[in-house]
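Notes follow once the structure below has been shown.
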Amino acid sequence: MFDGSKMGSKLTISLMGGVCSRKRDQQVVEEGMRRGVSGRYGKSGSSKWLLTSFSRPMVVHQPGLAICPSLMELCIDKICEDINQYSSFTMLPKDISQQIFNKLVLSHLLTDVFLQKFRDCALEDVWLGEYPGVQDSWMDVISSQGTSLLSVDLSGSDVTDIGLGLLKECSSLQALTFNHCENISEIGLKHISGLTNLTSLSFKKSATITAEGMCAFSSLINLEKLDLERCTGIHGGFVHIKGLSKLESLNIRCCKYITDLDLKAISGLNNLKELQISNSNITDFGLSYLRGLHKLVMLNLEGCNVTAGCLDSISALVALAFLNLGRCGLTDDGCDKFSGLESLKVLNLAFNNITDACLVHLKGLTNLESLNLDSCKIGDEGLANLTGLSLLKSLELSDTEVGSSGLRHLSGLTYLETLNLSFTLVTDSGLKKLSGLTALKSLNLDARQISDTGLSALTSLTGLVHLDLFGARISDTGTNYLRCFKNLQSLEICGGGLTDAGVKNIKDLPSLTLLNLSQNCNLTNKSLELISGLNALVSLNVSNSNITNDGLPYLKPLKNLRSLSLESCKVTAAEIKKLQSTALPNLVSFRPE
């Protein structure tokens, strides 16, 4: 049993308180599906993948500041440090047990042996998504939390139907997540049919779930969110959820065998606010079944076999604010129906065959805050139809035929915060027209024809937080203009024109968390010395340069660094691992590896 004397008096008080990548070549990658990203120097191989790759929390080290941990934190740390001394935590208040459990999980210290110490501790949350080694033998302790247990995440585990069955007595469960669990079948699903307090249920990428297995969902009358993304065997099973009147969110993205008749089965779910059915076989006819969903706010149809004819049905969705029609093969035919979607705030038309003629019908959508036209066949004259969209905050024009002349139509969009002009025809001379967009926080100018001259025209944009000059021809001279962007958090300059002299200007950007200087082959260890003062850095890429093992010690002050890429440099994985173990506590990804 738990021996309180081993804790000492410290717990007494605390216990009381209780360039080489083009977007048109990239495939659709749905959220959560990229378990790891390979690549060398293109954007897919740069540090952008960091945004969703990490689950371990980061200890933030701020230069010159020491944050004193609370007494509770000190106690929890000490207990975890001496975990072998305790046989059980049942005598502790459940919130303390919960904190100890969470700490062990986040530190990757929880084992099947340590898990036994939490038997009958009345834990409320067991979040072990993607945690290694989780299997049926863990489920006995997890289920022992009984009616106290409110949420469980066992994504990516080896738990089988037998293990899932042990949760059926945890009748208070409200959220259950079993994404990427390959050993769960319709037999296991029967065990959760009695968990009628569930409000959230997720079985993403569970190929073993069938239409028949969905029968277990029919009794979950309090369910508000259901996620069956990439469950390929569920066609025909939607008749079992048509009675879930409280359902507000349904995600069936990339369920490629879903047909129009499946939509007929859910047409009566009148409380639906979010419906994601991208990359399926849904057609215009199927969408006609959704006309009665008057509370629907978000509809994702990306990659579906629909035409502009579907807008007849969509126009009946009076609450619709977010619409994704990307990669649907739309043409200008029928686009006049866009003019009726006056409530839209977010519209994605990326990777369609629409031209300037379509944009004529968007000029009345004055509530739009985000418009994505990535890789559409639009040019300068089409942008004239956007001048009245004064609330626009985000505009994606990557891979279009927009040039410098068209930018004059954007000069009045003073609320614009995000603008992507990568792989367009815009030149240095056109960038002067953006100088008045002082609300801009993110600007992508990944285009080879952009140079130092264009950057000099943007020095008034002092609020920039993200600046992408990946393929631009920026030299050491151009980096002088970066001094105007003191708020930059991410910067990419990979055009090959920088030397150590240019990095001297980058070292004075104290807020940088992401820095990509790959493909600048003339950078040496001196650059790492200059970068060493950027203590907020989380991701650093200096691949394909003259960095050597001798330069690695300069990185020791970067205590927040989580990703380091030095591919095609004269460095070895062994030396990076040594640096990781001795100086960089948060480094979780590095190349070479």
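The values are calculated or read from the model by the stated rules, or taken from the named source; none is laboratory data. Since this is a predicted model, take the numbers as computed values, not measurements. Here the Cβ positions follow ideal geometry from the backbone for every residue, glycine too, while neighbour counts run over all protein chains shown. Note: accessible area is taken over every heavy atom of the protein model, side chains too, but ligands, DNA and RNA are not part of it. Shrake-Rupley method; radii C 1.70, N 1.55, O 1.52, S 1.80 Å.
Here are the numbers:
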quantity: Matching residues, the range 430-454, being of a type outside the set (D, E, K, R) and either open to solvent by 10 Å² or more (accessible area, probe 1.4 Å) or farther than 21 Å from Thr400 by Cα (or both); calculated: Ser435, Gly436, Thr438, Ala439, Ser442, Asn444, Gln449, Ser451, Thr453
quantity: Matching option when the condition is within 27 Å of Lys168 (Cβ to Cβ), in contact with a helix residue (DSSP H, G or I) (Cβ under 6 Å, 6 or more places away or on another chain), open to solvent by less than 10 Å² (accessible area, probe 1.4 Å) and at pLDDT below 95, among Gly213, Gly237; calculated: Gly213
quantity: Single residue of the range 240-264 satisfying the filter (open to solvent by 20 Å² or more (accessible area, probe 1.4 Å) and assigned to a helix (DSSP H, G or I)) that is nearest to Thr210 (Cα to Cα); calculated: His240
quantity: Selection from the range 290-325 of residues that are small (Gly, Ala, Ser), surrounded by fewer than 21 Cβ atoms within 10 Å (Cβ to Cβ) and within 12 Å of Asn348 (Cα to Cα); calculated: Ala321
quantity: Verdict on Ala536 being surrounded by fewer than 22 Cβ atoms within 10 Å (Cβ to Cβ), in contact with an Asp or Glu (Cβ under 7 Å, 6 or more places away or on another chain) and modelled with pLDDT of 95 or more; calculated: no
quantity: Enumeration of residues in the range 395-453 that are under 14 Å from Gly379 (Cα atoms), of a type in the set (Asp, Glu), assigned to a loop (DSSP other than H, G, I, E, B) and out of contact with any Gly (no Cβ under 8 Å at 6 or more places or on another chain); calculated: Asp399
quantity: Residue in the range 275-284 that is modelled with pLDDT of 95 or more, assigned to a helix (DSSP H, G or I) and open to solvent by 10 Å² or more (accessible area, probe 1.4 Å) present; calculated: yes
quantity: Output for the range 176-192, where each listed residue is open to solvent by 10 Å² or more (accessible area, probe 1.4 Å) and β-branched (Val, Ile, Thr); calculated: Thr177, Ile187
quantity: Within the range 132-224, strands (runs of 3 or more DSSP E) holding 1 or more residues that are over 25 Å from Lys256 (Cα atoms); calculated: 151-153, 175-177
quantity: Candidate set from the range 559-582 (those that are in a loop (DSSP other than H, G, I, E, B) and open to solvent by 10 Å² or more (accessible area, probe 1.4 Å)); member that is nearest to Ile531 (Cα to Cα); calculated: Lys559
quantity: Filter result for Asp136 (modelled with pLDDT of 95 or more and over 18 Å from Asp161 (Cα atoms)); calculated: no
quantity: Options Leu290, Leu330: the member that is under 15 Å from Leu250 (Cβ atoms) and touching a helix residue (DSSP H, G or I) at 6+ places or on another chain (Cβ under 7 Å); calculated: Leu290
quantity: Inter-residue pairs, beta-carbon under 6 Å, first open to solvent by 70 Å² or more (accessible area, probe 1.4 Å) and in the range 542-558, second in a loop (DSSP other than H, G, I, E, B), 6+ apart; calculated: Asn546/Thr524; Tyr554/Ser532; Lys556/Ala583
quantity: Residue within the range 322-342 that is under 20 Å from Lys377 (Cβ atoms) and aromatic (Phe, Trp, Tyr) present; calculated: yes
quantity: One residue from Leu365, Leu371 being under 23 Å from the mean Cα position of the chain (by Cα), open to solvent by less than 10 Å² (accessible area, probe 1.4 Å) and of a type in the set (A, V, I, L, M); calculated: Leu371
quantity: Filtered residues of the range 216-233 (kept if touching a Gly at 6+ places or on another chain (Cβ under 8 Å) and either buried (at least 20 other Cβ atoms within 10 Å of the Cβ) or among the hydrophobic types (A, V, I, L, M, F, W, C) (or both)); calculated: Ile221, Glu229
quantity: Residues (surrounded by fewer than 16 Cβ atoms within 10 Å (Cβ to Cβ), under 21 Å from Asn179 (Cα atoms) and not acidic (Asp, Glu)) located in the range 112-137; calculated: Pro132, Gly133, Gln135, Ser137
